Each structure stands twice: as structure tokens, then as C-alpha cells.
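Novice: Got a structure for you, written out below as C-alpha cells; questions coming shortly.
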Amino acid sequence: MKLHKTIYKALAAFAIIFCATSCAQKQPPYTTIDGFAQGGTYHIVYQNPANADHSSLPDSLSAWFHQLDKSLSGYDSTSLVAQINKGENPPLDSLFIECFNLSREVYEATGGAFDISGAPFFDIWGFGFREKMEITPQMIDSIKQFVGMDKLSIAYDQASGTHYLHKADSRMKVNLNAIAQGYSCDFIARKLEKMGITSYLIEIGGEIICKGLNSKGKEWSVAIDKPIDGNFIPGNEIQTIIELTDAGLVTSGNYRKFYIVDGEKYSHTINPTTGYPVKHNLLSATVIAPTAAMADAYATYLMVIGLEKAKEYLAATPQMEALLVYSEGEELKVYSTDGVHQRKLK
């Protein structure tokens, strides 16, 4: 997962953690760990359980990120994803299987608008694992024949006792970028909870999962960047601040990863049902969901379907909260579901 994925990735959420290292009441202290992983950075804040020694946690994090990359990264040439995309048939680990099943769940719920098998489309437009190609309608139509998660399944080989990915067409590829980093947040969160840590915020490349309260005894605060072209530095221009706990939060947008050809803007959000980049006035979608993986996948989905359909979906899905930033002429406007708690900017 390369550095440019984090810097230019259409994910606008960036965690600004409004907490101190101690508070007036006596309680176990909070610890912060920052580092580099998955081609970018991570930031973790957690409350130490009483009398617990977590001095080995940085080393454990390195091992966990390595495990995640070896399974889900399309940029690591030895990962399961890379092997599958080279036409190999490697035995699958539990991480890939879980992430695949989550992706299938969203694929079915969204009518194919979220589809990890759309990898060939992402590649030809230059937003996958290859440089952009010259696109023709014939090329799009050809690729459509081997795109669709309904053509993929997890199979079990009794002889070897392993699972593998079955493809209905050998040309099929997968790209987990729209869910893998959110899944990574959830994976690390489960590891922390097994260590007895129950108050934490984990941010990996902009994707967030949090639980409990910060050191001030309040919900965690997360800044959402203003989705304007040229706003490449997370936290530089803030749209709003959201307060939340016990949830995942991910923002997807089209203002950081795009290119312009002959005056026309091509965004990184590709509709896998058409094979073309989306064109609409929805600039960013922030989703709050029970897990970061689900927030990640559905933020992408909302960006694919656009503002009006996103509003319709959210109205019919009360268990999901979201904040949509869109353009109306030269103005930025915001649509928010009732459950999004925003703090007024000073």
C-alpha cells in the first residue's frame, strides 16, 4: 500500500485527537503511538489498563501490519492479492477470507455498485496497480465480461485442507483498496481489546475506529477536511468536526485523487457497473458505521451512486449515519443524517 495511496487517496477524514495525557480525576493514563504502515501513517491513542505493561505493543503493531499487507495489499508483490492478480492460486488466510466475505456482503447489498472485482477498470483508468491506458468503449465492454463478484467464490480443497479463490474467468482480478484499510483498523482494534484495552482511537491512513472515551472523559473528536481541489494536507482546511464513539468513520472523496485531460476531470471513483469514472456533484461522503470496514466500503458506495441516490439510501437505512458534502454552483453544501454529532468550528 504505497505512500501516494494515503496522500492522494479519496479519503478526506483525518483524526485530530482532542485529548490530554491526564485529567483531573485519577485514572489509568493514555498512551499515543505514531508510525508508518501500509504506505502511510498510523496514529493510535489508548487508555492503559491498570497495572498493564504494553511496552511490546509497537513491535506487535509492526507484526500485525506485516500480516495485513501480506494478505490484502495489492502493492506487495508477494501478497495474496498480488498472487491472485498474477493468475496464481495461493491458499487463502483468514484475513483475506473475512475481507472477501465482507466485500461480498456489500456487493450484494449495493447491487454491484461496490465490487472488488472491478480491479481491471481501476487499472486501465490509472487508479489501480497500473499506469493509465488509452480507453475505448470496446475495451470497457470487453472487461465487463469478467467483472462481478458473483463470478468469484471461496472454495475448499479437501486434499490440501486449504481455501482458495475460485474465478469463473481466469482474467479476473481483485482490488481491496476500498475496504482493506478500514478492515485493518478493525483488525488492530480486536487485537487491542484482547489485551484488555477498551478506550482507544485507531487511525490508519485516514480511516478510523474508536471505542470508549478520550482522556477528558468525552467522545473522540475527528476533523473532516473540506473537499476542495488542492486540499492535499489533512487537517489544513477543515469542513467540520464530528464527535463519536464505539464506531468506525471513513471519508471518501474525489478532490485529492484525479487527473484532468483536455479540460475534463476524471475522478478515482469508478462505477464498476459501467466501467467509467463517476460524474456528479457529490464531493465527499463520510460514513459512520459499526465497523471501519463497513464505513470504508459504504463511503465508496455513496460516492459511486451520487448525491440524490445517496440521500435515498440513507433515508432507507436508519442504522447508518453519514455526512455528504456537495457542490451547488460555486458553493459547498452539507447534507447530514440526524445521528452525526458535529461540533461548531471556532
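The values are calculated or read from the model by the stated rules, or taken from the named source; none is laboratory data. All values derive from a computational prediction rather than experimental measurement. Ideal geometry is used to build each Cβ from the backbone, glycine not excepted, and the neighbour counts take in all protein chains shown.
Novice: Tyr156 - would you say it is in contact with a strand residue (DSSP E or B) (Cβ under 8 Å, 6 or more places away or on another chain) and touching a residue at least 40 places away in the same chain (Cβ under 8 Å)?
Specialist: No.
Novice: Still on this structure, please answer the following. For residues in segment 287-315 being of a type in the set (Val, Ile, Thr) and out of contact with any Gly (no Cβ under 9 Å at 6 or more places or on another chain), which is nearest to Gly182 (Cα to Cα)? Lay out the reasoning, then the answer.
Specialist: Pass one, segment 287-315, residues of a type in the set (Val, Ile, Thr): 287-288, 291, 300, 304-305.
Retained after the next criterion (residues that are out of contact with any Gly (no Cβ under 9 Å at 6 or more places or on another chain)): 300, 304-305.
Working: Thr300: 12, Val304: 18, Ile305: 20 Å.
Out of the qualifying residues, it is Thr300.
Novice: Residues in segment 104-119: is at least one surrounded by 14 or more Cβ atoms within 10 Å (Cβ to Cβ), hydroxyl-bearing (Ser, Thr, Tyr), within 29 Å of Val45 (Cβ to Cβ) and touching a residue at least 24 places away in the same chain (Cβ under 8 Å)?
Specialist: Looking through segment 104-119, none of the residues is surrounded by 14 or more Cβ atoms within 10 Å (Cβ to Cβ), hydroxyl-bearing (Ser, Thr, Tyr), within 29 Å of Val45 (Cβ to Cβ) and touching a residue at least 24 places away in the same chain (Cβ under 8 Å).
Novice: Would you check which residues across segment 317-337 are farther than 19 Å from Asn281 by Cβ and either surrounded by 13 or more Cβ atoms within 10 Å (Cβ to Cβ) or modelled with pLDDT of 95 or more (or both) and list them?
Specialist: Within segment 317-337, Thr317, Met320, Glu321 meet the criteria.
Novice: Can you go through Phe127, Phe114 and tell me which one is modelled with pLDDT under 95, part of a loop (DSSP other than H, G, I, E, B) and not acidic (Asp, Glu)?
Specialist: Result: Phe127 is the single residue among Phe127, Phe114 that is modelled with pLDDT under 95, part of a loop (DSSP other than H, G, I, E, B) and not acidic (Asp, Glu).
Novice: Could I ask something else about it? Under 7 Å by Cβ, and 6 or more places apart or on different chains, what pairs join a residue from segment 62-76 that is without any contact (Cβ under 8 Å) to a residue 12 or more places away in the chain with one that is of a type in the set (Phe, Trp, Tyr)?
Specialist: none
Novice: Next up: Output the strands (runs of 3 or more DSSP E) that fall wholly within segment 152-255 and possess 2 or more residues being modelled with pLDDT of 95 or more and surrounded by 21 or more Cβ atoms within 10 Å (Cβ to Cβ), or say none. So that I can check it myself, show each step before the final result.
Specialist: Details: elements: 152-157, 162-167, 200-204, 207-211, 220-225, 238-244, 247-253.
In segment 152-255, the matching strands (runs of 3 or more DSSP E) lie at 200-204, 207-211, 220-225, 247-253.
Novice: Next question. For segment 50-76, which residues satisfy the criterion of being over 21 Å from Leu152 (Cβ atoms), under 21 Å from the mean Cα position of the chain (by Cα) and not aromatic (Phe, Trp, Tyr)?
Specialist: Selection gives Leu61, Ser62, Ala63, His66, Gln67, Asp69.
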